Amino acid sequence: MILDVRDIDTYYGLGHILHGLSLTVGEGEVVALLGRNGAGKTTTLRSITGLTPPRRGRIAYKGRDIAGLPPHRISRLGIALVPETRGIFSYLSARENLAIARRPGSRWPEEALLARFPKLRELLDRKGRLLSGGEQQMLAIARALLTGPDLLLLDEPSQGLAPLVVEAVMGTVRDLKAERVSMLLVEQNAELALGLADRVYVIDHGTIVFEGTPAALRANTQITATYLGVGG
């Protein structure tokens, strides 16, 4: 087990967002976390990465309790987040955005990533603010991989992208899955996520309401209709 989240409670100020939430990610496993807007998906990722630490509960990464560690230490342990906002430095070039993340010994050196994202090579000298949404997403994923993570957290990677760009981005996620990269995928597009995931959780109001395989979720029309607004 690479990630074991147990009974965490996370707050924003007085707002109690996650209520005893538990989930796991196995080695080489892709796990999807699905739910409506405001259900607590992003807060779950922020809790894991230390950006919004839980007040209670345990988060174990490779058996080590990381709850309460600062984000930079969690990152150095091998967890990388591709945020929903992509987090690109707008006045730095793509090359400079990558240089910030470069870490010696990463299993994805920059040259290998540029081979994986050939379009990115053409954009290295372009400022982040001049990149399209799809180009920023490519850069955000490449930057995360440069840190050499063993666990990749993806927050809404398809959001706001044209269908052709979504296919390219998700093709990269499929390639990483084939390489046995452990991933926790938050995605609004349930069908897209279910096509990639080994297991899936559904979250509602900060509580897990379903855990199982993609096939089991597809078969559970009550859950999909009530919590995902799919089917009936």
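Given the criterion on the phi < 0 side of the Ramachandran plot, touching a Gly at 6+ places or on another chain (Cβ under 9 Å) and charged (D, E, K, R), identify the matching residue among Glu187, Glu179, Glu122.
Answer to the check: Glu179.
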When you scan region 160-170, do you find a residue that is touching a helix residue (DSSP H, G or I) at 6+ places or on another chain (Cβ under 7 Å), within 22 Å of Gly38 (Cβ to Cβ) and of a type outside the set (Phe, Trp, Tyr), even just one? yes
Please give the strands (runs of 3 or more DSSP E) falling wholly within region 1-106 in which 3 or more residues are within 21 Å of Met183 (Cβ to Cβ) and hydroxyl-bearing (Ser, Thr, Tyr). none
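Give the residue that is nearest to the chain's Cα centre (by Cα), with candidates limited to residues of region 59-104 that are of a type in the set (Ser, Thr, Tyr), closer than 27 Å to Gln188 by Cα and modelled with pLDDT of 90 or more.
Step one: list which residues in region 59-104 are of a type in the set (Ser, Thr, Tyr), which gives 61, 75, 85, 90-91, 93.
Narrowing the set further to residues that are closer than 27 Å to Gln188 by Cα leaves 61, 75, 85, 90.
Filter again for modelled with pLDDT of 90 or more, leaving 61, 75.
Values: Tyr61: 15, Ser75: 13 Å.
Taking the candidates together, the pick is Ser75.
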Restricting attention to region 198-214, the residues that are within 15 Å of Val31 (Cβ to Cβ) and either of a type in the set (Val, Ile, Thr) or part of a helix (DSSP H, G or I) (or both) number exactly 6
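Filter region 215-232 for residues that are hydrophobic (A, V, I, L, M, F, W, C) and either surrounded by 15 or more Cβ atoms within 10 Å (Cβ to Cβ) or farther than 20 Å from Gly28 by Cβ (or both) and give the result.
First, pick out the residues of region 215-232 that are hydrophobic (A, V, I, L, M, F, W, C): 215-217, 219, 223, 225, 228, 230.
Ala216, Leu217, Ala219, Ile223, Ala225, Leu228, Val230 - these are the residues of region 215-232 that are hydrophobic (A, V, I, L, M, F, W, C) and either surrounded by 15 or more Cβ atoms within 10 Å (Cβ to Cβ) or farther than 20 Å from Gly28 by Cβ (or both).
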Residues of region 170-193 satisfying the condition of being in a helix (DSSP H, G or I), crowded, with 18+ Cβ neighbours inside 10 Å and hydrophobic (A, V, I, L, M, F, W, C): Met170, Val173, Leu176, Ala190, Leu192, Ala193
Report, by residue number, each residue of region 78-136 that is surrounded by fewer than 18 Cβ atoms within 10 Å (Cβ to Cβ) and touching a Pro at 6+ places or on another chain (Cβ under 6 Å). Gly78
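The values are calculated or read from the model by the stated rules, or taken from the named source; none is laboratory data. All values derive from a computational prediction rather than experimental measurement. Ideal geometry is used to build each Cβ from the backbone, glycine not excepted, and the neighbour counts take in all protein chains shown.
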